[in-house]
1. Applying the selection to segment 20-33, what residues are loosely packed, with under 15 Cβ neighbours inside 10 Å and either touching a residue at least 12 places away in the same chain (Cβ under 8 Å) or farther than 12 Å from ILE70 by Cβ (or both)?
2. Closer than 24 Å to GLU89 by Cα and under 13 Å from the mean Cα position of the chain (by Cα): is that true of ASN67 in this structure?
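Throughout, read-outs are computed from the coordinates displayed, never taken from laboratory work. Just so you know, these numbers come straight off a predicted model, no measurement behind them. With ideal geometry, Cβ positions are generated from the backbone for all residues, glycine too; neighbour counts draw on all protein chains shown.
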Amino acid sequence: MDASRRQEYIDRLITNLPMLRKKMELTQKDFAGIIGMSSYSILALEKKQRKMTWNTFLSIILVFMRNEEIRQILSALNILTDELLDFIEGKNIERDKSDDLDNKKGRY
């Protein structure tokens, strides 16, 4: 998955993060503790004052995926897609590695 595609997923999540967190009945402080961040960091993400990293995105998705209602919402919002599930499950890793190898050898 390339950087622009990852950013699309991040942007969709950031837009919906406050609503999803509230649906799980979590305060910013509680949510921050679950994913190992400060509540200030969650506030900054929700206000779009801080950029979300791919690792933070994945941490948040893994928390949200444990709740069936949120999982369905993520799918409806086109955040939890087959492509993302394949990435999380490691199904793209071998292809990604071979693509990297081909690029290093000058094959495109």
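1. LYS23, THR27, LYS29, ASP30, GLY33
2. Here the answer is no, as ASN67 does not meet what is asked.
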